[in-house]
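Only one structure is covered here, and it is reproduced in the block below.
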Amino acid sequence: AKHILISRLNLNEQEAHRFIEKQAMDMRCARRVIAEGIIKTYEN
């Protein structure tokens with residue numbers, strides 16, 4: 001999921017990691033859930 005964010009949103013690795021962590025905290029769910037959502041969104 002981080003690599004998708006890096007390539008699609010032009011983030012660096014640290015920014016992509018922080019994006020996933022912040023989304024997980026804001027939505028009160030596991031980072032895995034956020035990562036799976038990112039993968040599903042950009043899988044095509």
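Every number in this text was worked out from the coordinates using simple rules, so none of it is lab data. Note that the structure is a prediction, hence the values are computed from the model and not measured. Cβ coordinates were reconstructed from backbone atoms using ideal geometry, including for glycine residues, and neighbour counts include every protein chain displayed.
Cβ separations smaller than 9 Å between residues 6+ apart or across chains give the following pairs from segment 30-44 residues that are within 14 Å of Arg18 (Cα to Cα) to residues that are part of a helix (DSSP H, G or I) and acidic (Asp, Glu): Arg31/Glu21; Ile34/Glu21.
Among the residues making up segment 1-22, those that are surrounded by 15 or more Cβ atoms within 10 Å (Cβ to Cβ) and of a type outside the set (A, V, I, L, M) are Lys2, His17, Phe19. Figure legend. Inter-residue proximity from segment 1-22: first residues free of Cβ contacts under 8 Å to residues at least 12 places away in the same chain and among the polar types (S, T, N, Q), second residues assigned to a helix (DSSP H, G or I) and surrounded by 12 or more Cβ atoms within 10 Å (Cβ to Cβ), beta-carbon distance below 9 Å, spacing 6+ or different chains. Indicated pairs: Ser7/Tyr42; Asn12/Ile6.
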